[in-house]
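One structure is given below, encoded as structure tokens.
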Amino acid sequence: MTKLKGQCLCGQFSYESSAEPVATMVCHCKNCQRQSGAAFSVNVVVPSDSLTLKGELKRFDDTADSGNTVMREFCAECGSPIFSRLAANPAIAIIKAGTLDDTSMVQPGGEVWCDSKQDWVAPMTEARFPRNPS
Ligand SMILES: [Zn+2]
């Protein structure tokens, strides 16, 4: 049964997840700011094998502060950021929450990379980490 569904801006790419989110985190890292063009990203973590995909994505292999590869996947047509995947943990996929059709279940449980948080952004959660604790 579909629990989550979403798409890119142009609609060329869409996805469904048969699982509920494992976690939802706000990320204030500079790379998420650059990729999204926004102040922070909101990331919904699901099991990779819960996803059904339709359409074409492109991928940029980013390097995290840890040295690990973060695969950033975006619509091949309109460029909307859709997923991040961690080379070190292929079991999970990280959905960019803004691409969900229904965001009513989005409730961040914590914030990472507060060291690079934009100054005007007020704290949103009780669990705030200067970097990424994992
Ligand atoms: Zn698109």
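Scan segment 72-92 and tell me whether some residue there is touching a residue at least 40 places away in the same chain (Cβ under 8 Å) and in a helix (DSSP H, G or I).
Checked against the condition, which is being touching a residue at least 40 places away in the same chain (Cβ under 8 Å) and in a helix (DSSP H, G or I), segment 72-92 yields no hits at all.
Select from segment 1-32 the residues that are in contact with a Cys (Cβ under 7 Å, 6 or more places away or on another chain) and open to solvent by 40 Å² or more (accessible area, probe 1.4 Å) and list them in ascending order.
Once the filter is applied, which keeps residues that are in contact with a Cys (Cβ under 7 Å, 6 or more places away or on another chain) and open to solvent by 40 Å² or more (accessible area, probe 1.4 Å), segment 1-32 yields Leu9, Cys10, Gln12.
Yes or no, residue by residue, for (1) farther than 24 Å from Met1 by Cβ; (2) more than 14 Å from the ligand (Cβ to nearest atom); (3) surrounded by 13 or more Cβ atoms within 10 Å (Cβ to Cβ):
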{"position": "Leu53", "(1), (2), (3)": "no, no, yes"}
{"position": "Asp62", "(1), (2), (3)": "yes, yes, yes"}
{"position": "Thr69", "(1), (2), (3)": "yes, yes, yes"}
{"position": "Arg72", "(1), (2), (3)": "yes, yes, yes"}
{"position": "Ala76", "(1), (2), (3)": "yes, no, yes"}
{"position": "Ser84", "(1), (2), (3)": "yes, yes, yes"}
{"position": "Ile92", "(1), (2), (3)": "no, yes, yes"}
{"position": "Ile95", "(1), (2), (3)": "no, yes, yes"}
{"position": "Gly98", "(1), (2), (3)": "no, no, yes"}
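Can you name the condition, by its number, that Gln35 falls short on among (1) open to solvent by 10 Å² or more (accessible area, probe 1.4 Å); (2) over 13 Å from Leu51 (Cα atoms); (3) in a strand (DSSP E or B)?
So the condition that Gln35 fails would be (3).
Residues of segment 100-134 being surrounded by 15 or more Cβ atoms within 10 Å (Cβ to Cβ), at negative phi and of a type in the set (Phe, Trp, Tyr), which ones?
Hit for segment 100-134 is Phe129, nothing else.
The values are calculated or read from the model by the stated rules, or taken from the named source; none is laboratory data. What you are looking at is a predicted structure, and each value in this text was computed from that prediction instead of being measured. Quick reminder, even Gly has a Cβ in these numbers, built from the backbone with ideal geometry, and neighbours come from all protein chains shown. For accessibility, only protein heavy atoms count, side chains too; no ligands or nucleic acids. Shrake-Rupley method; radii C 1.70, N 1.55, O 1.52, S 1.80 Å.
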